[in-house]
Amino acid sequence: MKRVLFLLITGLSLSLAGFTATATELKPTKPRPAPELNLSALDGGRVNLADLRGRVVLVNFWAVWCPPCRKEMPSMERLSKLLAERPFTILASNAGETPEQIRPFLKEVPLTFPILLDQDSARMKAWRVFVLPTSFLVDKQGQIRYSLSGHIEWDTPEAVAVIEQLLAE
């Protein structure tokens, strides 16, 4: 319960502050193995990050109630389309909401990348996510290489350049 309150207060604080990160705030991290991410997808089936080795993966933790999360989703969709022919995948892991809570948002903002259901927020905890949205760029070997707390426009030239660098490795 304390964690949920912290996330709600933090998300509200960030949205009230108009917190917007920039691609330059994608923080390079010491490469480390990405934690397990094996969840049911909203549209059925399961998605396992381990099965995506050989691809660069943007893992995004988000919630419908989070205004900054909602704001960055259209840019993530544009990025997905921009890199559709490349070994790149976006996984949006929803933090604790039900399909019934998520689907109305997806009618407003149609997304083609997988929406994963972390209904008990266990994966979010394993990834040490404390603020929504939080994103990670995972390289082709399954190593976290960049992280970001807050939202950005993912299809800016600066953000795309960071992803292109990982794709070229």
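Taking the residues in segment 82-95 that are among the hydrophobic types (A, V, I, L, M, F, W, C) and in contact (Cβ under 8 Å) with a residue 12 or more places away in the chain as candidates, determine which candidate is surrounded by the fewest Cβ atoms within 10 Å (Cβ to Cβ).
Ranking the qualifying residues of segment 82-95, first place goes to Leu82.
Which pairs turn up if I take residues in segment 41-63 that are under 27 Å from Phe130 (Cβ atoms) and free of Cβ contacts under 8 Å to residues at least 12 places away in the same chain and look for partners that are of a type in the set (A, V, I, L, M) and surrounded by 12 or more Cβ atoms within 10 Å (Cβ to Cβ) with beta carbon separation below 7 Å, at least 6 apart in sequence or on another chain?
Arg46/Leu39
Anything in segment 128-146 that is under 21 Å from Glu77 (Cβ atoms) and either among the polar types (S, T, N, Q) or part of a helix (DSSP H, G or I) (or both)? List them, or say none.
Selection gives Thr134, Ser135.
Which ones in segment 96-129 are of a type in the set (A, V, I, L, M, F, W, C), surrounded by 14 or more Cβ atoms within 10 Å (Cβ to Cβ) and more than 17 Å from Ser80 (Cβ to Cβ)?
Ile102, Leu117, Met124, Trp127, Val129
Test of understanding: among Val64, Val160, Val129, Val138, which residue is modelled with pLDDT of 95 or more, among the β-branched types (Val, Ile, Thr) and closer than 15 Å to Leu42 by Cα?
From the options Val64, Val160, Val129, Val138, the qualifying one is Val64.
With the condition kept exactly as written, say whether any residue in segment 151-169 is in a strand (DSSP E or B) and over 14 Å from Glu25 (Cα atoms).
Taking every residue of segment 151-169 in turn, none turns out to be in a strand (DSSP E or B) and over 14 Å from Glu25 (Cα atoms).
The values are calculated or read from the model by the stated rules, or taken from the named source; none is laboratory data. This is a predicted model, so every value here is computed, not measured. When we count neighbours, we look across all protein chains shown, and the Cβ atoms used for this are built from the backbone with ideal geometry, even at glycine.
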